[in-house]
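Below is one structure, written out as structure tokens; the observations come after it.
Rule-based calculations on the coordinates, nothing more; no lab input. Bear in mind the structure is a predicted one, so any value in this text is a computation, not a measurement.
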Amino acid sequence: MAELTPAQVLAGIQAWAQQQYQEAGQKVEVALHGGRFSVADLERYSTRTLACRIALEGLKFEVNGAGRLIAHGHVVVVVLAGDGSKAGSRALNVLAVGGTLQAALPGSKCGLALEDSVNAKDLRSANLYHAGLDKAGTAAWVLTWPVKFNHPRVR
């Protein structure tokens with residue numbers, strides 16, 4: 001089994017997500033998530049951009065019986081969409097962005113040398129309603145799933 005750093009896992013998930021959107025014929029801006037959205041970002045998502053932001057959170061480490069360092073964490077994806085100047089389409093737009101990944105995840109290793117594939121029962125999603133998002137005409141959902149991978153030891 002290959003060893004992966006968290007940065008490699010993030011890059012792999014980002015590349016995998018971009019591939020899923022390309023195969024679905026969707027134009028979605030995919031990037032890593034730094035933790036906050038600016039007002040300018042929210043305004044752009046509300047009018048013309050579908051977006052997917054990716055983070056890796058809750059990393060925990062353990063050493064298995066073979067002496068390998070195993071990392072456990074959760075991939076967190078925030079998907080954002082607006083009405084695109086078409087009233088009432090916000091909910092359908094954000095569903096299309098999130099649904100593409102949700103349909104591709106079960107049984108997938110996201111193109112990485114993960115220890116296990118994603119189990120459909122472990123995939124979680126939730127509406128990230130916030131008055132500021134609503135006022136900006138943007139809908140956001142979060143998708144999350146666990147990942148487990150061999151981590152290289154620092155020597």
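Between His72 and Ala31, 0.36 nm times their residue separation minus their Cα-Cα distance comes to what? Kindly include the intermediate steps, with their values, before the conclusion.
Numbers: separation 41, 0.36 × 41 = 14.76 nm, distance 2.18 nm.
Net length gain for the segment: 12.6 nm.
Roughly speaking, what is the stretch gain from Leu123 to Glu57, that is 0.36 nm per residue apart minus the C-alpha to C-alpha distance, in nm to one decimal?
Taking 0.36 nm per residue and subtracting the Cα distance, the gain is 22.3 nm.
Provide, in order from the shortest bin, the percent of all Cα-Cα pairs of the chain in each 10 Å bin, continuing until the bin that contains the maximum pair distance.
11, 39, 30, 14, 5, 1
Calculate one ³J(HN,Hα) per residue across region 23-40 by plugging θ = phi - 60° into the Karplus curve 6.51 cos²θ - 1.76 cosθ + 1.60, and present them in order as whole Hz with x for glycine and proline.
Coupling constants for region 23-40: 5, 7, x, 9, 9, 10, 7, 10, 7, 6, 9, x, x, 9, 10, 7, 4, 4 Hz.
Specify the inter-centroid distance of region 121-155 and region 19-41, based on alpha-carbon positions, in whole Å.
Between the Cα centre of region 121-155 and that of region 19-41, the gap is 13 Å.
Output the antiparallel fraction of DSSP beta bridges having both residues in the chain, as a percent to the nearest 5. Numbers along the way, then the final one.
On the way: 29 of 34 bridges.
If I count the DSSP bridges inside the chain, around 85 percent turn out antiparallel.
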